[in-house]
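*Asks:* Pasting a structure below so you can have a look.
The values are calculated or read from the model by the stated rules, or taken from the named source; none is laboratory data. Since this is a predicted model, take the numbers as computed values, not measurements. Cβ coordinates were reconstructed from backbone atoms using ideal geometry, including for glycine residues, and neighbour counts include every protein chain displayed. Surface accessibility is based on the protein's heavy atoms, side chains included, excluding ligands, DNA and RNA. Shrake-Rupley method; radii C 1.70, N 1.55, O 1.52, S 1.80 Å.
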Amino acid sequence: MKLYSTNNTLSEVSFKDAVFNSMPQDKGLYMPISIPRLDADFINNLDKYTLPEIAFRVAQNLLGDTIPEADLKALIDDAINFDAPIVKLDEHVHVLELFHGPSLAFKDFGARFMSRVMSYFLEAGEKQLDVLVATSGDTGGAVALGFLGVPNTRVTILYPKGKVSGVQEQQLTTNGQNIRALEVDGTFDDCQALVKQAFTDAELNEKFRLTSANSINIARLVPQTFYYFNAYAQLLRQGVKKVIFSVPSGNFGNIGAGLLAWKMGLPVEKFIAATNVNDTVPEFLKTGVYQPKPSVATLSNAMDVGNPSNWVRIADLFKQDMDELKKLVIGFKYNDEETVKAINWVFDAYGYVVCPHTAIAWQALTDYQHDHNSADTAGVFLSTAHPCKFPDVFNKEMTAKIEIPASVKELASRTKLAVPLSKDFSDFKAYLLGAE
């Protein structure tokens, strides 16, 4: 597998180099030079395969001979060792539950796969790998658990002070060992900017072997395609061949992975980009003007992104043909009041509890289906996080129905280990240089 930078299509690097460098020095993002289509026989018979089998075929299609077959199978079997079931709520509405991994969020797919890929490529005696990650909520916990105890790696997580839920903060600040947490006095966009600037700082790159665990890293994006194919496999078992995906969208890695799956041959009728009031992409899809803006804090905190990094990848997939992109992708946005209403409607209609991000995806799917006749098409909205991570948004009846996993109960007894930090890059750089 060879990759280029979205800012220099003539560049060429290996998958290993792209994983370890994370972001090109020209500040683009890595994309595959070739995206081979999976053969139609495999796509049409996805229902005959398990999730790990699907994951292996999809990864092999992209990576080629980068990782030998037996090693890739073992890596995937270790990383993707949890389910991602579709739950049918009514005849045309399904929810894809992506919160059955260790950190109870969809980002376990990316974080676990990436940590194992990095561990596989690390050779004895090599310089320690310093993994930098900005989080608006769930990424931090997934990365922390994905890399906890991995030899010769050190993880530094930056999260916005007061803007993640209590459970999310516990997951990313109570690990110790090779995991460090920085509580940044700013927004997620500030955290993301610090990480990006670190990758282009000559002194830091001279001293450390830096890489990122954010979705800017191609190793995060590849495994997120797995659950789109697996969702389609489950629909085929129900006799359904047409699907619309409604995706809660913040940094646009999740829907970017869906579009990559589509590029590989997954038959998808429409992708719905569902956002909160941080609506840079929905506004672009309506007006044709792409205008990043400062992020605003909402109940759906993991989507509080005003300048989504992965949008450049999506634009690159369509080779800047925005008319073609708009045929496949539609955007919806919702405020906190509408989010709470959606949470209540889902519970009243189905007795099902959804987190704020998932509620936005359901509302977008509902609004789209209201305006489009799609009797033979399944609408699937992605549930990206376990509702127990957001206890403050639920009433007593909903709270009583939420089963709290044992791993979450255990977090309450742990000590918070986080270093306060300003959003100034000089302070972040000083911390990295001084915290040996």
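*Asks:* Between Ala231, Ala219, which is of a type in the set (A, V, I, L, M, F, W, C), within 20 Å of the chain's Cα centre (by Cα), buried (at least 24 other Cβ atoms within 10 Å of the Cβ) and within 24 Å of Thr156 (Cα to Cα)?
*Replies:* Step by step, each of Ala231, Ala219 is checked, and only Ala219 is of a type in the set (A, V, I, L, M, F, W, C), within 20 Å of the chain's Cα centre (by Cα), buried (at least 24 other Cβ atoms within 10 Å of the Cβ) and within 24 Å of Thr156 (Cα to Cα).
*Asks:* Criterion first (part of a loop (DSSP other than H, G, I, E, B), of a type in the set (A, V, I, L, M, F, W, C), closer than 23 Å to Trp311 by Cα and touching a residue at least 60 places away in the same chain (Cβ under 8 Å)) does Ile244 satisfy it?
*Replies:* Against the criterion (part of a loop (DSSP other than H, G, I, E, B), of a type in the set (A, V, I, L, M, F, W, C), closer than 23 Å to Trp311 by Cα and touching a residue at least 60 places away in the same chain (Cβ under 8 Å)), Ile244 does not qualify.
*Asks:* Can you pull out every residue in the range 373-408 that is without any contact (Cβ under 8 Å) to a residue 24 or more places away in the chain and either of a type in the set (Ser, Thr, Tyr) or over 20 Å from Lys341 (Cβ atoms) (or both)?
*Replies:* Asn373, Thr399, Ala400, Glu403, Ile404, Ala406, listed by residue number.
*Asks:* Can I ask one more? If you scan the range 189-203, which residues turn out to be assigned to a helix (DSSP H, G or I) and open to solvent by 10 Å² or more (accessible area, probe 1.4 Å)?
*Replies:* Asp189, Asp190, Gln192, Ala193, Lys196, Gln197, Ala202, Glu203
*Asks:* Then there is this: Kindly evaluate Asp108 against the criterion of being within 30 Å of Pro387 (Cα to Cα), among the charged types (D, E, K, R) and open to solvent by less than 20 Å² (accessible area, probe 1.4 Å).
*Replies:* So Asp108 passes the test.
*Asks:* Just to verify a result, which residue in the range 134-162, among those that are out of contact with any helix residue (DSSP H, G or I) (no Cβ under 6 Å at 6 or more places or on another chain) and part of a loop (DSSP other than H, G, I, E, B), is farthest from Glu410 (Cα to Cα)? Steps first, please.
*Replies:* Residues of the range 134-162 out of contact with any helix residue (DSSP H, G or I) (no Cβ under 6 Å at 6 or more places or on another chain): 135, 145, 148-149, 151-152, 154, 156, 161-162.
Next, only the ones that are part of a loop (DSSP other than H, G, I, E, B) stay: 135, 148-149, 151-152, 161-162.
Values: Thr135: 22, Leu148: 17, Gly149: 19, Pro151: 25, Asn152: 27, Lys161: 23, Gly162: 22 Å.
For the range 134-162, the residue satisfying everything is Asn152.
*Asks:* Tell me, yes or no, whether the range 380-393 has at least one residue that is over 19 Å from the mean Cα position of the chain (by Cα) and over 22 Å from Gln168 (Cβ atoms).
*Replies:* no
*Asks:* Of the residues Val346, Val354, Val380, which single one is modelled with pLDDT of 95 or more, part of a loop (DSSP other than H, G, I, E, B) and crowded, with 19+ Cβ neighbours inside 10 Å?
*Replies:* Only one candidate qualifies: Val354.
*Asks:* Okay, moving on. When you scan the range 153-169, how many residues do you find that are in contact with a Gly (Cβ under 9 Å, 6 or more places away or on another chain) and either surrounded by fewer than 20 Cβ atoms within 10 Å (Cβ to Cβ) or modelled with pLDDT under 90 (or both)?
*Replies:* Within the range 153-169, residues that are in contact with a Gly (Cβ under 9 Å, 6 or more places away or on another chain) and either surrounded by fewer than 20 Cβ atoms within 10 Å (Cβ to Cβ) or modelled with pLDDT under 90 (or both) number 6.
*Asks:* Given (1) over 21 Å from Phe188 (Cα atoms); (2) at pLDDT 95 or above, identify the lone condition not met by Met398.
*Replies:* Of everything listed in (1) over 21 Å from Phe188 (Cα atoms); (2) at pLDDT 95 or above, Met398 misses just condition (2).
*Asks:* Same structure again: What number of residues within the range 81-135 satisfy the criterion of being more than 28 Å from Glu53 (Cα to Cα) and in contact with a Cys (Cβ under 8 Å, 6 or more places away or on another chain)?
*Replies:* Number of matching residues: 2.
*Asks:* What number of residues within the range 204-239 satisfy the criterion of being among the acidic types (Asp, Glu) and either assigned to a loop (DSSP other than H, G, I, E, B) or within 16 Å of Met114 (Cα to Cα) (or both)?
*Replies:* Here the count works out to 0.
*Asks:* Can you tell me which of (1) surrounded by fewer than 18 Cβ atoms within 10 Å (Cβ to Cβ); (2) at pLDDT 95 or above is the one Glu324 doesn't meet?
*Replies:* (2)
*Asks:* Yes or no: Lys242 open to solvent by 40 Å² or more (accessible area, probe 1.4 Å) and in contact with a Gly (Cβ under 6 Å, 6 or more places away or on another chain)? Full working, then the answer.
*Replies:* On the way: open to solvent by 40 Å² or more (accessible area, probe 1.4 Å): yes; in contact with a Gly (Cβ under 6 Å, 6 or more places away or on another chain): no.
For Lys242, the condition - open to solvent by 40 Å² or more (accessible area, probe 1.4 Å) and in contact with a Gly (Cβ under 6 Å, 6 or more places away or on another chain) - is not met.
*Asks:* Continuing with this model, one more query. Which of the residues belonging to the range 393-426 are outside any loop (DSSP other than H, G, I, E, B), of a type in the set (D, E, K, R) and within 22 Å of Ala144 (Cβ to Cβ)?
*Replies:* Of the residues in the range 393-426, the ones outside any loop (DSSP other than H, G, I, E, B) are 393, 396-401, 406-411, 419-421, 425-426.
Now drop any that are not of a type in the set (D, E, K, R), which leaves 396-397, 401, 409-410.
Lys409, Glu410, listed by residue number.
*Asks:* Just a yes or no: is a residue in the range 265-274 more than 20 Å from the chain's Cα centre (by Cα) and open to solvent by 30 Å² or more (accessible area, probe 1.4 Å)?
*Replies:* yes
*Asks:* Just name the residue that is nearest to Ala74 (Cα to Cα) out of those in the range 16-64 that are of a type in the set (Gly, Ala, Ser) and surrounded by fewer than 17 Cβ atoms within 10 Å (Cβ to Cβ). Full working, then the answer.
*Replies:* Going through the range 16-64, the residues of a type in the set (Gly, Ala, Ser) turn out to be 18, 22, 28, 34, 40, 55, 59, 64.
Imposing the further condition that a residue be surrounded by fewer than 17 Cβ atoms within 10 Å (Cβ to Cβ) reduces the set to 34, 40, 64.
Details: Ser34: 25, Ala40: 26, Gly64: 16 Å.
So the residue we want is Gly64.
*Asks:* Hey, any hits in the range 42-49 for a residue that's under 20 Å from the mean Cα position of the chain (by Cα) and hydrophobic (A, V, I, L, M, F, W, C)?
*Replies:* The answer is no; no qualifying residue exists.
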